[in-house]
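The values are calculated or read from the model by the stated rules, or taken from the named source; none is laboratory data. Computed from a predicted structure; not experimentally measured. Note that we place each Cβ from the backbone using ideal geometry, even for glycine, and neighbour counts take in every protein chain shown. Each accessible area value is taken on the protein alone, full model and side chains, heavy atoms only, with ligands, DNA and RNA left out. Shrake-Rupley method; radii C 1.70, N 1.55, O 1.52, S 1.80 Å.
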Amino acid sequence: MTNKSAAAQHLRDLAWLRRVRDRIDREYALPLDVEALARGAHMSAGHLSREFRLAYGESPYSYLMTRRIERAMALLRRGDLSVTEVCFAVGCSSLGTFSSRFTELVGMPPSTYRRDAALETVGIPSCVAKQVTRPVRNREALAATPHLA
């Protein structure tokens with residue numbers, strides 16, 4: 001394969017990866033798995049996972065769960081749905097996995113977030129609340145920590 005054809009293939013792969021990411025953003029509440037995403041991108045699941053991680057710094061599954069947790073945070077702030085209802089509304093099929101991932105990304109269990117978040121965002125427009133309360137992945141939190149010398 002020449003350098004030109006390799007570069008062209010890389011650009012085609014990046015376009016497919018953007019489509020996969022856009023699909024996750026749109027269809028986060030649907031049952032999505034890496035196999036289905038890979039079929040839609042005309043790639044093997046392994047290749048999609050490797051290339052997605054190279055392009056976006058995390059696996060497709062991790063990206064999907066982050067989108068689901070972001071949406072769950074918004075629903076929990078409203079306060080009119082139970083944690084279980086929110087879990088299923090964002091596409092998770094296991095309350096245990098949802099709660100574990102939520103706690104990992106947000107730093108508190110969804111039930112605690114539901115109880116406390118409504119009070120913390122009173123009077124803040126929802127578009128601002130979404131940005132301010134966005135979950136921070138562990139690697140982002142480490143990168144944002146100032147280094148004291």
**Request:** Could you check how many residues of the stretch 57-90 are outside any loop (DSSP other than H, G, I, E, B) and closer than 20 Å to L30 by Cβ?
**Result:** 22
**Request:** Those residues that are surrounded by fewer than 20 Cβ atoms within 10 Å (Cβ to Cβ) and in a helix (DSSP H, G or I), I need them from the stretch 91-104; list them, please.
**Result:** L95, G96, T97, S99, S100, T103, E104
**D13 of a type in the set (D, E) and open to solvent by 30 Å² or more (accessible area, probe 1.4 Å)** = no
**Message:** Name the residue that is most open to solvent (accessible area, probe 1.4 Å), counting only residues in the stretch 123-144 that are modelled with pLDDT of 65 or more and not polar (S, T, N, Q).
**Reply:** C127
**Message:** Quick check on the stretch 32-53. Is at least one of its residues closer than 25 Å to P109 by Cβ and in contact with a Gly (Cβ under 8 Å, 6 or more places away or on another chain)?
**Reply:** yes
**Request:** Pairs only if they're at least six apart or on different chains, beta carbon under 9 angstrom, first in the stretch 21-46 and in contact (Cβ under 8 Å) with a residue 24 or more places away in the chain, second open to solvent by 70 Å² or more (accessible area, probe 1.4 Å) and not in a helix (DSSP H, G or I); list them, first residue then second.
**Result:** P31/S93
**Qualifying positions in the stretch 110-122 - of a type outside the set (G, A, S), open to solvent by 40 Å² or more (accessible area, probe 1.4 Å) and either part of a helix (DSSP H, G or I) or modelled with pLDDT of 95 or more (or both)** = R114, R115, D116, L119, E120
**Prompt:** Quick check: anything in the stretch 48-57 more than 11 Å from V20 (Cβ to Cβ), in contact (Cβ under 8 Å) with a residue 24 or more places away in the chain and open to solvent by 30 Å² or more (accessible area, probe 1.4 Å)?
**Reply:** yes
**Item:** Odd one out for A36 among (1) within 30 Å of R115 (Cβ to Cβ); (2) outside any loop (DSSP other than H, G, I, E, B)
**Value:** (1)
**Residue under evaluation L64, criteria (1) buried (at least 18 other Cβ atoms within 10 Å of the Cβ); (2) over 14 Å from the mean Cα position of the chain (by Cα); (3) within 30 Å of R115 (Cα to Cα); (4) in contact (Cβ under 8 Å) with a residue 24 or more places away in the chain, criterion not met** = (2)
